[in-house]
1. Out of residues 5 or more away from Gly42 or on other chains, whose amide H comes under 5 Å of its own, with H placed 1.01 Å from N in the peptide plane?
2. I'd like the Karplus ³J(HN,Hα) series for the stretch 231-236: coefficients 6.51, -1.76, 1.60, θ = phi - 60°, whole numbers in Hz, and an x wherever there's a Gly or Pro.
3. Mean residue ellipticity at 222 nm from the helices of the chain, using -39,500 (n - 2.57) per DSSP H segment of n ≥ 4 over the full residue count, to the nearest 500 deg cm²/dmol?
4. Over the chain, what is the percentage of antiparallel beta bridges among all DSSP beta bridges, to the nearest 5?
5. Calculate log10 I(q)/I(0) of the stretch 9-240 for q = 0.13 Å⁻¹, where I(q) comes from the Debye formula with a single equal point scatterer on each Cα and nothing for solvent.
6. Of Phe34, Phe10, how do they rank once you tally other Cβ atoms within 10 Å and put the fewest first?
7. Which GluC sites (Glu not before Pro) does the stretch 53-157 hold that lie in a coil by DSSP with at most 14 other beta carbons within 10 Å?
8. Whole-Hz Karplus ³J(HN,Hα) for the stretch 68-81, in order, using 6.51 cos²θ - 1.76 cosθ + 1.60 and θ = phi - 60°, x for Gly and Pro?
Amino acid sequence: MNDESGAGAFSQATGRSLEDGSGAHQRRYRAYQFELIAQHCGTTVLEVGAGLGEFASQFTQLNRHVVTDVDPGAVEHMRTRFADRPEVEAYQLDLHDALPDVGARVSTVVAINVLEHIEQDSKSLAELASLVEPGGRIVLWVPGYMQLYGDFDRRVGHVRRYTPETLHQAIIDAGLIALETRPVNLLGGIAWWLAVRRGGIGSPQPRLLRIYDRLVVPVTRAVERRVRPPFGQSVLGVATVPPRA
């Protein structure tokens, strides 16, 4: 793999620079994601599209944690960030290219806001399965519902947004076993529709992110612990790698 490939990909996908600390505006949101995702993870995890390691930093008791990103600048950032964490390894990984040798298979692959950038999503899922132990899991977090697709999605390179049904089909087409696909973050979906589809916002707005994180996310977490929403800003998917893989 060319070490320079993927340069600038983090900024293109997120609208942030590698020095942008605005991820701090989403502390509660990342904790909400972690609450839903970590319960499906084993003791060895490979995270695809880990960016600056903001979600990854929440894992503290793994035996092995492989963090990856397509952007070499982001990978170097994570190597520095996790230099005091011996269980963490950082690699460049581009799902449009041959997968790198990351050593032994892991029990879980986590991909947050990655699959929507890939035209041949099932093909990429099948390739990721080669990095997972038979019986292990792939946990996916993807943008939900094409009704929410707007200028922001186009700007950051989203090929699609998913429904639980289309994510389920992508998992099945990859030769994996779908355990769960469900919408999450109903209030976020409503806020996204108002801001992006009706308001025409085409880039992240730190002030709005702070308000959303402080006021909306705690309510979302409390409600969705009790009620499964019928619609949401995102879709959570959990798949198992069958023994033959």
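Coordinate-derived values only; no laboratory data. All of these numbers come straight from a predicted model, not from anything done at the bench. Here the Cβ is made from the backbone with ideal geometry for all residues, glycine too, and neighbour counts use every protein chain on show.
1. Amide H to amide H, under 5 Å and 5 or more residues apart or across chains, Gly42 pairs with Thr108.
2. Using θ = phi - 60°, the values come out as 7, x, 5, 10, 10, 9 Hz.
3. That calculation yields -8000 deg cm²/dmol at 222 nm.
4. Beta bridges within the chain, antiparallel portion: roughly 40 percent.
5. Debye output, listed in q order: -0.75.
6. Sorted ascending by nearby Cβ count, the order is Phe34, Phe10.
7. Glu119
8. Calculated HN-Hα couplings, in order: 9, 7, 6, 8, x, x, 5, 4, 5, 4, 5, 4, 6, 4 Hz.
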